[in-house]
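This report refers to the structure that appears directly beneath it.
The values are calculated or read from the model by the stated rules, or taken from the named source; none is laboratory data. Nothing here was measured: the structure is a model prediction, and the numbers come from that model. A quick note on method: Cβ atoms are made from the backbone with ideal geometry, for glycine too, and the neighbour counts reach across all protein chains shown.
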Amino acid sequence: MDELIERAHEAVDAIDRRVKQERREHFGKEVAMGADGTPTAHIDKIAEEVALEVIGKEANILSEEIGYIDNGKEYTV
């Protein structure tokens, strides 16, 4: 669990760095429809992509944008 918490902190830092590189006027632009049936904004897509890169297959994933990914792990993030 401690390793997963560390990965989560790494994901937050990586998202922060990436978002600071983006142009703010694009943040609210709808870019897709999420798995939950609501629009996905550009900033949501960025955050999810970065988080998935960092967390990888260390946990199951539950997301508004892509739904549920079962990686066969004990924990879901």
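Return yes when Ala11 is surrounded by 12 or more Cβ atoms within 10 Å (Cβ to Cβ), under 23 Å from Lys73 (Cα atoms) and small (Gly, Ala, Ser) and no when it is not. Here the answer is yes, as Ala11 does meet what is asked. Among the residues making up the range 18-73, those that are assigned to a strand (DSSP E or B) and in contact with a Leu (Cβ under 9 Å, 6 or more places away or on another chain) are Ile61, Ser63, Tyr68, Ile69. Filtered by the rule that a residue be touching a helix residue (DSSP H, G or I) at 6+ places or on another chain (Cβ under 8 Å) and either at pLDDT below 90 or closer than 12 Å to Ala47 by Cα (or both), the range 9-24 gives Ala11, Ala14, Ile15, Arg18, Val19, Glu22. What tally of residues in the range 40-55 results from selecting those that are surrounded by fewer than 18 Cβ atoms within 10 Å (Cβ to Cβ) and either of a type in the set (Ser, Thr, Tyr) or free of Cβ contacts under 8 Å to residues at least 24 places away in the same chain (or both)? Number of matching residues: 4. Residue under question is Glu74, and the condition is that it be in contact with a strand residue (DSSP E or B) (Cβ under 9 Å, 6 or more places away or on another chain) and either surrounded by 14 or more Cβ atoms within 10 Å (Cβ to Cβ) or not aromatic (Phe, Trp, Tyr) (or both); does it hold? Considered against the rule, which asks whether it is in contact with a strand residue (DSSP E or B) (Cβ under 9 Å, 6 or more places away or on another chain) and either surrounded by 14 or more Cβ atoms within 10 Å (Cβ to Cβ) or not aromatic (Phe, Trp, Tyr) (or both), Glu74 comes out as yes.
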